[in-house]
Amino acid sequence: MKYLIGTKEYMTQVFDEAGKVYPVTVVTAGPIVVTQVKTKATDGYDAVQVGYGTRSAKKVSKAVKGHTKGVAYQTIKEIRLDNASDFKVGDTLDSSIMKEGDMLVVTAVSKGKGFQGVVKRHGFHGGPRSHGQKHSEREPGSLGGGGRDGGRVAKGKRMAGRMGGDRVTVKNLKLVQIDTTTNTLLIEGAIPGRRGALVEIKG
């Protein structure tokens with residue numbers, strides 16, 4: 001299982017032996033601890049539940065503390081696996097399970113941008129900047145309320161609204177460098193989220 005949970009740090013650039021430059025995102029990944037193993041016999045499916053990081057114990061309910069043997073994890077995630085029975089509670093996984101050159105799938109929650117208009121949110125062009133226009137440079141234009149839509153705004157219509165804060169997955173990101181002593185991964189390219197965001201990494 002090549003799966004880690006980490007924290008996004010910042011972006012920088014690194015050079016390889018040939019002098020090629022790579023823009024990379026620095027992620028502190030792991031260690032993660034197996035908190036529960038689920039099997040078809042007991043739960044109806046095979047999965048492994050893991051915990052990452054720590055937080056104040058007073059922010060965790062008694063039920064969760066009992067489940068995690070008193071450890072206040074920052075987050076708990078579940079990964080479906082065919083070989084879940086190969087793991088046991090208490091197993092620890094860190095960055096050593098990855099290797100340089102791996103192609104990764106990274107998932108995180110994107111930055112929240114608040115309420116935005118159609119130009120920023122959907123890439124609308126706005127109205128023409130010619131004569132006869134007044135206060136309509138960045139307006140959406142006609143919503144097409146008649147005809148097929150029946151005099152209403154159709155579901156899924158691209159309009160202004162809350163932007164960002166979505167769970168985003170980016171595939172085929174190369175693991176450029178790895179430091180197993182500090183559990184640091186240097187992943188080529190940009191990944192979703194703010195600094196300090198929780199990141200799921202699959203190899």
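The values are calculated or read from the model by the stated rules, or taken from the named source; none is laboratory data. This is a predicted model, so every value here is computed, not measured. Backbone-built Cβ (ideal geometry, glycine too); neighbour counts: all protein chains shown.
Say we look at segment 3-21 and pick out the residues that are assigned to a strand (DSSP E or B) and among the aliphatic types (A, V, I, L, M); which of these is nearest to TYR52 (Cα to Cα)? Steps first, answer last, please.
First, pick out the residues of segment 3-21 that are assigned to a strand (DSSP E or B): 3-15, 21.
Narrowing further to those that are among the aliphatic types (A, V, I, L, M): 4-5, 11, 14, 21.
Numbers: LEU4: 9, ILE5: 7, MET11: 22, VAL14: 28, VAL21: 32 Å.
Filtering first and then ranking leaves ILE5.
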Is one or more of the residues making up segment 114-133 among the small types (Gly, Ala, Ser), modelled with pLDDT under 95 and closer than 19 Å to GLU200 by Cβ?
-> no
Starting from segment 179-203, take each residue that is among the acidic types (Asp, Glu) and list its partners that are crowded, with 17+ Cβ neighbours inside 10 Å, counting only C-beta distances under 6 angstrom and pairs at least six apart or across chains.
-> GLU188/VAL24; GLU188/LEU173; GLU188/VAL176; GLU200/ILE5; GLU200/THR107
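Does any residue of segment 131-142 turn out to be among the basic types (Lys, Arg), surrounded by fewer than 11 Cβ atoms within 10 Å (Cβ to Cβ) and over 15 Å from the mean Cα position of the chain (by Cα)? Talk me through it step by step, then tell me what you get.
Pass one, segment 131-142, residues among the basic types (Lys, Arg): 134, 138.
In the following step, the residues that additionally are surrounded by fewer than 11 Cβ atoms within 10 Å (Cβ to Cβ) were identified as 134.
Next cut, over 15 Å from the mean Cα position of the chain (by Cα) only: 134.
Checked against the condition, which is being among the basic types (Lys, Arg), surrounded by fewer than 11 Cβ atoms within 10 Å (Cβ to Cβ) and over 15 Å from the mean Cα position of the chain (by Cα), segment 131-142 yields at least one hit.
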Is it true that some residue in segment 39-61 is surrounded by fewer than 16 Cβ atoms within 10 Å (Cβ to Cβ), in contact (Cβ under 8 Å) with a residue 60 or more places away in the chain and assigned to a strand (DSSP E or B)?
-> no
Looking across segment 166-180 at residues that are exposed (fewer than 13 other Cβ atoms within 10 Å of the Cβ) and farther than 17 Å from GLY203 by Cβ, the single one that is nearest to the chain's Cα centre (by Cα) is ARG167
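Can you name the residue in segment 62-85 that is assigned to a loop (DSSP other than H, G, I, E, B) and of a type in the set (A, V, I, L, M, F, W, C) and is also nearest to LYS2 (Cα to Cα) among such residues? Please lay out each step first, then the result.
Within segment 62-85, the subset assigned to a loop (DSSP other than H, G, I, E, B) is 68-72, 81-83.
Among the residues that remain, those that are also of a type in the set (A, V, I, L, M, F, W, C) are: 71-72, 81.
Values: VAL71: 24, ALA72: 24, LEU81: 11 Å.
The qualifying residue nearest to LYS2 (Cα to Cα) is LEU81.
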Select from segment 74-121 the residues that are free of Cβ contacts under 8 Å to residues at least 40 places away in the same chain and either surrounded by 13 or more Cβ atoms within 10 Å (Cβ to Cβ) or closer than 23 Å to ARG167 by Cα (or both) and list them in ascending order.
-> ARG80, VAL119
If we keep just the residues of segment 1-37 that are surrounded by 14 or more Cβ atoms within 10 Å (Cβ to Cβ) and of a type in the set (Phe, Trp, Tyr), which is nearest to the chain's Cα centre (by Cα)?
-> TYR3
